[in-house]
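No lab work stands behind these numbers, since they all come straight from the coordinates. In this text, all values refer to a predicted model and were calculated from it rather than measured experimentally. No Cβ is skipped: glycine too gets one built from the backbone with ideal geometry, and neighbour counts run over all protein chains shown.
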Amino acid sequence: MWKNLALTPLTIAIICLGGCTNQPTDEQLEVWRTEAVARNAKIVADNAKKAQQSQWNLVIQGETAVGKSLKLNWQQLQALATNHLKTVDPLDILHSNEIFDFRGVPVSVLLQQFAPVNDVTDVTFVSFDSYQTTLNIQDLLTYPITLAITKDNKPIARAQGGPLYLVFPYTQYPQLKQKYDTTNWAFYVSHIIVGTESVNLRIGKHQVNLATLDQLPQVTLEQNVGYRISWPSGKVKLFGVRLRDVFSTLKEPLPQQGGVIIRGKAPFYDDSPVRLSTKDLAECDILLVTRWGESRELIPAKMGGPVTLAFSSQCPAKISQLRWVTFVEELTPTP
Ligand SMILES: Nc1nc2c(c(=O)[nH]1)N[C@H]1C(S)=C(S)[C@@H](COP(=O)(O)O)O[C@H]1N2
Ligand SMILES: [Mo]
């Protein structure tokens, strides 16, 4: 029982009887406790909200008809999700031979409606957890590959890949299994990118495009990369600009005792952004990468582009082991 005893102001007051100096007053402790409780409650409520179907959005970006990003809310998705797809679910490992009735919106319907004219070959799906998978657009237009919102008439649980689960018509078109294996079945999809977006970073108060980044001193790295998916193994050439140069050029001061928060596209980064201190940025080369490989190609969405974060192999391990953010969207100075 003792280990469950919370340190309420009262117990602290008792522990301190006679001996404590410079201790916070009961009133101060009560204020802190109330603040901590409120903070916790907010985190719990925010997480519960995000996990709820009704709060889920699908963002469509890249070469869309409107030329910019558009967001479908749950009500709009619900209205679009009228198609049924009967297929096995290879990720439902306890029922991998069973055929399920998925209801959802075929990706082809979204493409025809929101990106009818484009000259892209790839469509990339990004998930809540920053997982990504890229499919050929012709395959998406040919087969009823579907973003499903129900499975056997029930909403898809988060643990089953919901609320929005990318499913393939394996049963009807077994040949698809050769090209798209279980790694392509994406759970909790939050973004579709048609082709690759152009560079548009929010850095403090600035919006920054590729031309601006190209005016900064260019740095080359040749090393192994720490991205989680779809980059080559072994040494790879990376070209980009130093974070510290970006901030000094934009005259966005980085607090001496603080640093910068970096967010990628996936909603996951709202809760878990990458934090770098101003000291980290001074210590070694931390880059916003815009090009890669022998021919300095722009970074396609298939690789998390147009902008990714990279740590020089000269950086101490505690820095370079941080997440190599893909689809970098926002850099915010923080105290
Ligand atoms: N959003 C999301 N979808 C995902 C993954 C993931 O990590 N996140 N893993 C993929 C991989 S590699 C496989 S094999 C299957 C099953 O992943 P699991 O074994 O982690 O459940 O889901 C695929 N879809
Ligand atoms: Mo996997």
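Details
- Neighbour-count ranking [beta-carbon atoms within 10 angstrom, fewest first] of D280, D139: D139, D280
- Whole-angstrom gap from the range 205-247 to the range 59-106, using each part's C-alpha centre: 33
- Of the Cα atoms belonging to the chain, the radius of gyration and Dmax stand at 23.9, 79 Å.
- Diffusion of the range 56-194 by Stokes-Einstein, at 37 °C in a medium of 0.692 mPa s and with Rh set to the Kirkwood radius over alpha-carbon pairs, works out to 221 µm²/s.
- Distance between the modelled labels on Q223 and K179, one decimal in nanometres: 3.8 nm (7 Å Cα→Cβ projection).
- Compared with the direct C-alpha span, the chain from V31 to S96 gains 18.1 nm at full extension, assuming 0.36 nm per residue.
- Förster-model FRET efficiency, 25 Å R0, L210 and V59, C-beta, rounded to 0.05: 0.75
- The stretch between T121 and A41 holds 24.3 nm of extra length on full extension. This uses 0.36 nm per residue minus the Cα-Cα distance.
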